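The values are calculated or read from the model by the stated rules, or taken from the named source; none is laboratory data. Bear in mind the structure is a predicted one, so any value in this text is a computation, not a measurement. Cβ placement follows ideal geometry from the backbone for every residue including glycine, while neighbour counts extend to all protein chains displayed.
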Amino acid sequence: AGPTYEAIDPVRGITNLSSGKMGFAIARAAREAGAEVTLIAGPVHLSTPRGVARVDVKSASNMLSAATQRAQSATIFIATAAVADWRPAQAADHKIKKDGSGKTPELQFVENTDILATIAQSERAQSGALFCVGFAAESQDLLANAQAKRARKGVPLLVGNIGPATFGKDDNALLLVDAQQAVELPHASKLTLARQLIDEIAKRLTPA
Ligand code: CTP
């Protein structure tokens, strides 16, 4: 859950506006439904839901390690984090200083590993032992973008939402896209939506 933080130097970095609220609500709802939950959290200001084990991480690379490790035994992986797509190619060891000439630093970036796609390609996910759920933060064309992202990430369920409209808010609206259909969970509090999402995941895991 939450954003990641990619260091430029010891005092600066790149992050994003994700508050972590949706991920924390999902962790709470999963726990309420009886799951044993580990919440891997980027830098956020939220308290840990009761009964949930929490692992705090900073960068996308820290988050990848923590998630990969837990994915070896988990049965469900829900990827709600707003993982930074890029990180500075090299974090400076010391604070980058102005030299008085007005010259600005030239930052080079490298792409971060896609945590969800990596875990979704693992043997446990491919065999059905680990059910992977992705999120999609879009700014437009939610259905088409969510369908394309579901296929690209190789996950059975992808949850679309309009990113800029929901970051930091206490409510949201979701679009659940799987191989068969798209189901809308209309505007409600993040906790209400989280409980509905957990029900929808449980339905997909319960043999008919
Ligand atoms: N995600 C991830 N690792 C990344 C980037 C994204 O695990 N390095 C996950 C997110 O947690 C989310 C899903 O992938 O579950 C989609 O994230 P999103 O930011 O919507 O999409 P991107 O893959 O970054 O694609 P784009 O920015 O082009 O829309």
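For (1) surrounded by 13 or more Cβ atoms within 10 Å (Cβ to Cβ); (2) within 13 Å of the ligand (Cβ to nearest atom); (3) not basic (Lys, Arg), each residue gets a yes or a no:
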| residue | (1), (2), (3) |
| --- | --- |
| Arg87 | yes, yes, no |
| Lys103 | no, no, no |
| Ile115 | yes, yes, yes |
| Ala125 | yes, yes, yes |
| Glu138 | yes, yes, yes |
| Ala148 | yes, yes, yes |
| Lys153 | yes, yes, no |
| Gly163 | yes, yes, yes |
| Lys190 | yes, no, no |
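Every residue in segment 167-208 that is under 16 Å from the mean Cα position of the chain (by Cα) and part of a strand (DSSP E or B), please.
Correct list: Asn172, Leu174, Leu175, Leu176.
From the residues in segment 192-208 that are at pLDDT below 95 and either of a type in the set (A, V, I, L, M, F, W, C) or in contact with a helix residue (DSSP H, G or I) (Cβ under 9 Å, 6 or more places away or on another chain) (or both), which one is surrounded by the most Cβ atoms within 10 Å (Cβ to Cβ)?
Only one residue fits best here, namely Leu205.
Please list, ordered by residue number, the strands (runs of 3 or more DSSP E) wholly in segment 1-49 having 1 or more residues that are among the polar types (S, T, N, Q), out of contact with any Cys (no Cβ under 9 Å at 6 or more places or on another chain) and farther than 13 Å from Ser59 by Cβ.
Of the strands (runs of 3 or more DSSP E) lying wholly inside segment 1-49, those with at least 1 residues that are among the polar types (S, T, N, Q), out of contact with any Cys (no Cβ under 9 Å at 6 or more places or on another chain) and farther than 13 Å from Ser59 by Cβ span 38-41.
So which of Val110, Val133, Val83 is over 15 Å from the mean Cα position of the chain (by Cα), under 20 Å from Pro3 (Cβ atoms) and either basic (Lys, Arg) or within 13 Å of the ligand (Cβ to nearest atom) (or both)?
None of the other options fit; the residue is Val110.
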